[in-house]
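First the structure, in the form of structure tokens, and then the observations on it.
The values are calculated or read from the model by the stated rules, or taken from the named source; none is laboratory data. These figures come from a predicted structure and were not determined experimentally. Ideal geometry is used to build each Cβ from the backbone, glycine not excepted, and the neighbour counts take in all protein chains shown. Ligands, DNA and RNA are stripped out before the accessible areas are found, and what is left, the full protein with its side chains, is counted by its heavy atoms. Shrake-Rupley method; radii C 1.70, N 1.55, O 1.52, S 1.80 Å.
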Amino acid sequence: MKGIFSVLVENQDGVLSQISGLFARRGFNIDSLAVGETERHDISSMTIVSTGSQRIVEQIEKQLNKKPDVIKVRRFEENKCVLMEMMLIKVAYNASNRSSLIELCSVMNAKIKHVSAKNFVIEIHDSPDVISNFIELVRSYGILEIQRTGTICMSKD
């Protein structure tokens, strides 16, 4: 089961360490973690994606709510929120497959951010599933490097 948590926290030193420490001490896995300031400078928003049994996901929510710097915890279902992630990926190409890689980028709404003699640096931002699909589609070209952000999430309602 996937747990998607939107956590509002006080924007203070050490809060991220406390939250990640909670996961480490309890043996909970973090699949993705993204943190940033909200419209208020004193509040940050964390999106944490974790997997585990229903019991573990419920425990994560309870433990997050116990933290003193946590203002609010919301748990989302995948179909009731917009999930977004960004990735930079460096992909090799040659003269025979260059145009097909450019076409794939166009179809997938990916942008070529840098061109060198032997590779492209490509940017794509979309749902985590689309990002994973794009990785599989370019794997045959030769992936040289990947950098992915954590997933961010917002309720559709």
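Rolling a 1.4 Å probe over the protein chains gives S127 an accessible area of about 30 Å².
In terms of distances greater than 25 angstrom between alpha carbons, the cross-link table entries K90/K156; K66/K156; K2/K62; K2/K111; K2/K67; K2/K66 yield K90/K156; K66/K156; K2/K111. Adding -39500 (n - 2.57) for every DSSP H run of four residues or longer, then dividing by how many residues the chain holds, sets the calculated 222 nm ellipticity at -9000 deg cm²/dmol. Seen against the Cα atoms of the chain and their longest principal axis, helix 98-107 is set at about 40 degrees. Shown for the chain: the carbon plus sulfur share of the solvent-accessible area, taken with all protein chains present and a 1.4 angstrom probe, equals 49%.
Are there any trypsin sites (Lys or Arg not before Pro) in the stretch 16-68 that are in a DSSP loop and have at most 12 other Cβ atoms within 10 Å? List them by number. Intermediate results must be reported in sequence, preceding the final value.
Values: sites: R25, R26, R40, R55, K62, K66; in loops: R40.
Listed in order of number, the matching sites are R40.
Using only the alpha-carbon atoms of the stretch 86-139 as identical scatterers, what base-10 log of I(q)/I(0) does the Debye formula give at q = 0.12, 0.25 Å⁻¹? Listed by q, the Debye log ratios stand at -0.23, -0.99.
For the stretch 10-157, what percent of Cα pairs sit more than 28 Å apart? Result: 35 percent of Cα pairs exceed 28 Å.
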